[in-house]
1. From the square roots a ≥ b ≥ c of the eigenvalues of the alpha-carbon gyration tensor of the stretch 70-121, which class results: rounded (a/c under 1.5), prolate (a/b over b/c), or oblate?
2. Would you calculate, for the chain, the mean residue ellipticity at 222 nm contributed by helices, counting each DSSP H stretch of 4 or more residues as -39,500 (n - 2.57) and dividing by all residues, to the nearest 500?
3. What list of ³J(HN,Hα) values in whole Hz, one per residue of the stretch 6-12 in order, does the Karplus curve 6.51 cos²θ - 1.76 cosθ + 1.60 (θ = phi - 60°) give from phi, with Gly and Pro shown as x?
4. Just the accessible area per residue of the chain, please: how many Å² with a 1.4 Å probe?
5. For the stretch 31-126, which GluC sites (Glu not before Pro) are in a loop by DSSP, counting at most 14 other Cβ atoms within 10 Å?
6. Arranged from highest to lowest average of other beta-carbon atoms within 10 Å per residue, in what order do the peptides 111-118, 50-57 appear?
7. So what's the net charge close to Lys65: Lys and Arg +1, Asp and Glu -1, counting the other residues with Cβ under 10 Å from its Cβ?
8. Within the set of other residues whose C-beta is less than 13 Å from the C-beta of Asp97, count the net charge using Lys and Arg as +1 and Asp and Glu as -1.
Amino acid sequence: MSNDYSILIVDDVSTVRNFLHQTLVHFGIEHIDEASNAQSCLSKAAENNYQLIFLDIELPDGDGKELIAEIQKVAPDTNVVMVSAHSTVENVKDAIDKGAKGFVVKPFSPKKIAAILKKLMPEFEF
């Protein structure tokens, strides 16, 4: 079954974007965009109908947690999952309070990404 899921990966580190991109392709997701900063993330979120955005917490031009509110203004139906190397309880709680639907710690495994996809896109078929 083909799917029309669109996912945006926002991270300033290209190796992280590449790994996540490959992981999503492996799970059968065909529409994947990437952004390396907050500005690009917001313009892509406004132009496209993403089901999910993987958002790095630290971007060169902004704080990922602050960006959640901006994304919700331009794309209210999009699920945002925070991605960070720093999984302090504070960070996780703060991100969830601000509207994130999940939190992934770097380095992440394909298994962890699969769990997020199953949780946020239950009708998706792997």
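1. Values: a/c = 2.26, a/b = 1.20, b/c = 1.89.
Because a/c hits 1.5 or more and a/b fails to exceed b/c, the stretch 70-121 counts as oblate.
2. Details: 5 runs with 54 residues, N = 126.
It comes out at -13000 deg cm²/dmol, rounded to the nearest 500.
3. Result, ordered by residue: 10, 10, 10, 9, 10, 7, 7 Hz.
4. Values: 6480 Å² over 126 residues.
Accessible area per residue, the chain: 51 Å².
5. On the way: sites: Glu34, Glu47, Glu58, Glu66, Glu70, Glu90, Glu123, Glu125; in loops: Glu123, Glu125.
Hits after loop and neighbour filter: Glu123, Glu125.
6. Details: 111-118: 15.6, 50-57: 24.6.
The densest-packed peptide leads the list: 50-57, 111-118.
7. Details: positive: Lys98; negative: Glu58, Asp63, Glu66, Asp94, Asp97.
That works out to -4.
8. Details: positive: Lys65, Lys93, Lys98, Lys101; negative: Glu66, Glu90, Asp94.
Within the 13 Å Cβ shell, the charges total +1.
The values are calculated or read from the model by the stated rules, or taken from the named source; none is laboratory data. Everything numeric in this text was worked out from a predicted model, so none of it was measured. Cβ coordinates were reconstructed from backbone atoms using ideal geometry, including for glycine residues, and neighbour counts include every protein chain displayed. For the accessible areas, the whole protein counts, side chains as well, though only heavy atoms, and no ligand, DNA or RNA atoms are used. Shrake-Rupley method; radii C 1.70, N 1.55, O 1.52, S 1.80 Å.
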